[in-house]
1. How much accessible surface area, in Å² rounded to 10, belongs to the heavy atoms of Met157 with a 1.4 Å probe?
2. Please arrange Ile306, Ile212 by accessible surface area, largest first, computed with a 1.4 Å probe and ligands excluded.
3. Would you tally the net charge around Asp253, using a Cβ to Cβ cut-off of less than 13 Å, leaving Asp253 out, and scoring K and R as +1, D and E as -1?
4. If we restrict to alpha carbons, what Rg and Dmax does the range 246-328 come to, in Å?
5. Relative contact order, percent, of the chain when contacts are C-alpha pairs under 8 Å separated by at least 6 residues?
6. If the only charges are +1 at each Lys and Arg Cβ and -1 at each Asp and Glu Cβ, what is the size of the charge dipole of the range 113-185 around the Cα centre, to the nearest 20 debye?
7. For the range 290-366 and the range 245-277, what is the separation of their Cα centres, given in Å?
8. On the full set of protein chains, 1.4 Å probe, figure out the accessible area of Lys66 and give it in Å² to the nearest 10.
Amino acid sequence: MTAPDPTTVTPSTLRTAPLEGVKVVEAATLFAGPLAATFLGDFGADVTKIEHPARPDAARGHGASKDGVGLWFKTLGRNKRLATLDLSRGRDVFLDLIRTQDVLVENFRPGTLERWGLGPDVLLEANPRLVVARVTAFGQVGPWSNRPGFGSLAEAMSGFAAVTGEPDGPPTLPPFGLADGITALATAYAVLVALRERDRSGRGQVIDMAIIEPILMMLGGQITAYQQTGYVQPRLGNRSSNNAPRNVYRTADGRWVAVSTSSQSIAERVVTLVGRPDLVAQPWFGTGRERAEHADELDEAVGSWIGQRSLDEVMLAFEKAEAAVGPVHDVRGIMTDPQYAALGTIVAVDDEELCGPVAMQNVLFRLSETPGAIRWPGRPHGADTDAVLAEIGVTPEQLAALRDAGVV
């Protein structure tokens, strides 16, 4: 089945957003901090991204490009006004900007802002209502706080890599910014919590967000299990230690499907569907953990049945049986999947730089009364510098002098 082309978003389709009036300045690079600001901007926050005048955000050079334009930045930079400023030399200008803002998202290594005379004490003196979100690899304190780091290190240190991969293979890192993405969600959440508290107290505060922590929270009860029983979760490939059958299986036409049986009723439906209702009567079939101990037998039953049928046949049979299955998509499958199409998960946004619509992921969730929206995609380096600085009283003459000096 071919899904319709992504819906094109235009300004006329937008409605009032819940974060309208919240002003965010983003002084961050790459993914966790910038993506947190993107999430806020998607729901109406006025986000101003600050980049160094001579060293743009490295995210502009990550991933695929077209005509020299970084395509990932079209999503990462959406709904943001883009200005340039060298914070180390433009301290007073930055403080003037901070006085007009509600939130600062920054990801400099601990001590950097302080060295420039822009530590949280200075920022909160200039604007006592400011929420300062500090996103770093290892947090603001501790023996590793001053080390450079990225999401890959968080994926390693959190235990994610240790439990990912085949049993006889090495620990496996994800081929995308998983820890950064989870941290971005956590940071956006933390910002909203801090803004809610500011509504009550009238005071801003500092958020210390370490990228090594949010992904650890997503890994479930491994810490409690180890502390209580000494259990260390092993690598299991696509299997789970909590239920079975749970794996990816190849169809007769060379496609792949994922099957999960987290609930007992679904597990019973799956094995009955594949012609093995006798397994339900086994004494070990009653709990997910015991089924996981018999994963070889269950995988053989499910895998052999799926391997004799095409993807369409498998999907239809599982649907009729009300059993959980999903196709293993690459981006081509995502773009044509009818469920994603029905949800409006992929949208197209008109882009002046690329002279046409640019497809990207839609906002994260749907609100019935105040939905988020993509107002514009990421724009060129420094596209809004003049307008942003004019709003805080920088005259054209002052702007020209700052530009001549390389400050903007």
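1. Met157 exposes around 100 Å² with every protein chain in place.
2. Of Ile306, Ile212, the descending order of accessible area is Ile212, Ile306.
3. Net charge in that neighbourhood comes out at +1.
4. 11.8, 35
5. Relative contact order of the chain: 22 percent.
6. 280 debye
7. What the calculation gives is 15 Å, centre to centre.
8. 110 Å²
The values are calculated or read from the model by the stated rules, or taken from the named source; none is laboratory data. Because the structure is a prediction, the values reported are computed rather than measured. Backbone-built Cβ (ideal geometry, glycine too); neighbour counts: all protein chains shown. To get the accessible areas, we keep the full protein, side chains included, count just its heavy atoms, and leave off ligands, DNA and RNA. Shrake-Rupley method; radii C 1.70, N 1.55, O 1.52, S 1.80 Å.
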